[in-house]
1. So which residues in the range 102-120 are touching a residue at least 12 places away in the same chain (Cβ under 8 Å), over 12 Å from PRO182 (Cβ atoms) and hydroxyl-bearing (Ser, Thr, Tyr), if there are any at all?
2. Across the range 160-192, which residue is surrounded by the fewest Cβ atoms within 10 Å (Cβ to Cβ) among those that are of a type outside the set (Phe, Trp, Tyr) and on the phi > 0 side of the Ramachandran plot?
3. Please tell me if ASP79 is more than 28 Å from SER103 (Cα to Cα), more than 15 Å from the ligand (Cβ to nearest atom) and of a type outside the set (Lys, Arg).
4. Condition first: surrounded by 12 or more Cβ atoms within 10 Å (Cβ to Cβ) and acidic (Asp, Glu). Now tell me which residues in the range 64-99 satisfy that.
5. Mind listing just one residue for me: the one in the range 23-39 that is touching a strand residue (DSSP E or B) at 6+ places or on another chain (Cβ under 8 Å) and under 12 Å from MET1 (Cα atoms) and, of those, nearest to the ligand (Cβ to nearest atom)?
6. Taking the criterion of being within 30 Å of LEU154 (Cβ to Cβ) and of a type in the set (A, V, I, L, M, F, W, C), would at least one residue in the range 229-238 satisfy it?
7. Taking only pairs six or more apart or across chains, which ones have beta-carbon atoms under 6 Å, a first residue in the range 248-265 that is in contact (Cβ under 8 Å) with a residue 12 or more places away in the chain, and a second residue that is of a type outside the set (Gly, Ala, Ser) and not in a helix (DSSP H, G or I)?
8. Output yes when any residue across the range 40-47 is within 14 Å of GLY4 (Cβ to Cβ) and either within 16 Å of the ligand (Cβ to nearest atom) or under 26 Å from the mean Cα position of the chain (by Cα) (or both), and no when none is.
Amino acid sequence: MKTGIIGAGSMGTGIAQLAAFHGHKVVIFDRSPEAVQRSKNSLLKILNRMAEKGKISDADAKAIFGRIHFVEKTASFSDCELVIEAIIEDEGIKKDLFRELESVVSDKCILATNTSSLSVSSLASACKNPGRFIGLHFFNPPFLMKLVEVIPALQTDEEVTRISTSWIEGMGHLPVTAKDTPGFIVNRIARPFYGEALRILDEGLADAATIDWAMTEIGGFRMGPFTLMDYIGNDVNYTVTETVYNAFFQDPRYKPSFTQQRLAMAGFLGRKSGRGYYDYRNGAQNPEPDKSREKGEYIFNRILTMLINEAADALHFNVANRDDIDTAMKYGVNYPKGLLNWADEIGIATCVKNMDELTDLYREDRYRCSPMLRNMAAENKTFYGD
Ligand SMILES: NC(=O)c1ccc[n+]([C@@H]2O[C@H](COP(=O)([O-])OP(=O)(O)OC[C@H]3O[C@@H](n4cnc5c(N)ncnc54)[C@H](O)[C@@H]3O)[C@@H](O)[C@H]2O)c1
């Protein structure tokens, strides 16, 4: 499929690499000549490294790069079958771009957005033919992260969803279908991983090192929440949380933390600024975790219960089906297990009991148990049972 990409930043460049690797011809445009140069350099570096490691031959590396054409005008997208937008996260700028694109591409061309936080149905409304519009949300880096959330807008034609899904499968990636709701699957369900960890920190129940230790050593997560937030950047992670919170009409479940907001404001962004929850400057000493098993179990169970509750609620509201929810969290954020599968292992009644204990203690809407879990516990059902 001749694939057009707009925006040669980290996502656009990665999607170009993936599509060209799988034999698709790629046309890529960015309004910034510096971004184009950076993208070319990064593609050459990645492909050369793959060839050095023996993952592909030198000839393959050349052929892949040869399939990617950097162009100077959107008019060059006229014969594309699919165009994916990966530009700045700004609704007005994205809508203007789609209006312009529609005047250039053929009637059959599918238009896709890689937005993380905007409504796909709202972006589709900018098009004369919104039926051709879809959300294809890749994860960073797109070549290595196999998950792609496919988000049909309210207006999207079924055929467009089918073609887009098989394009992703054809490249060995894993499409999951998500309803056009804030955060789609992953950015919604993952919120308590950060939010509940911050709440535990804010209440002084444990420090960042202890919470990270509990989640990695007891929970089996690859990275603890604070190490991960420092890696993502506290500015970026805070903005996602705030966006999801506001998009859910200020549902207290997604309420941001002052601690993270202040870190972002202070410029303590994490690894990229040398300081965040941890100190990354040369010679810095970071605190050791308190490895008390009882405390660690409490932290892990509390955060995991909140994650499971969020996953169950996403299922309850038909954001995605059971299998797609579990696949999304395993492949979008590398969770050790699917959360609904994990709920079955712990026992649904235990999950309800854990949520009710938090509600009894805090009396906050933040800790309300999903009706799906409560109904299942009452009926003795499991997610993966008959
Ligand atoms: N970075 C991530 O982890 C990630 C993950 C999933 C989705 N996304 C989404 O993907 C999109 C791009 O993110 P990114 O991290 O690659 O950003 P980026 O800043 O690395 O790249 C964006 C590029 O778009 C170009 N651009 C901006 N406006 C343009 C326009 N009108 N026409 C042409 N080019 C334009 C910029 O010059 C820049 O090179 C955003 O919508 C973001 O929310 C990002």
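1. Keep residues of the range 102-120 that are touching a residue at least 12 places away in the same chain (Cβ under 8 Å), which gives 102, 104-120.
Next, from what is left, pick out any that are over 12 Å from PRO182 (Cβ atoms): 102, 104-114.
Listed by number, the residues that qualify are SER106, THR113.
2. GLY172
3. Spelling it out, it is not the case that ASP79 is more than 28 Å from SER103 (Cα to Cα), more than 15 Å from the ligand (Cβ to nearest atom) and of a type outside the set (Lys, Arg).
4. Hits for the range 64-99 are ASP79, GLU81, GLU85, GLU89, ASP90, GLU91, ASP96.
5. Here the answer is VAL27.
6. Yes, the conditions are met somewhere in the range 229-238.
7. Sorted first by the residue in the range 248-265, then by its partner, the pairs are PHE248/PRO182; TYR254/PHE248.
8. Looking only at the range 40-47, we keep the residues that are within 14 Å of GLY4 (Cβ to Cβ), and these are none.
Scanning the range 40-47, I find no residue that is within 14 Å of GLY4 (Cβ to Cβ) and either within 16 Å of the ligand (Cβ to nearest atom) or under 26 Å from the mean Cα position of the chain (by Cα) (or both), so the answer is no.
The values are calculated or read from the model by the stated rules, or taken from the named source; none is laboratory data. Just so you know, these numbers come straight off a predicted model, no measurement behind them. So basically every Cβ, Gly included, is an ideal-geometry build from the backbone, and we count neighbours across all protein chains shown.
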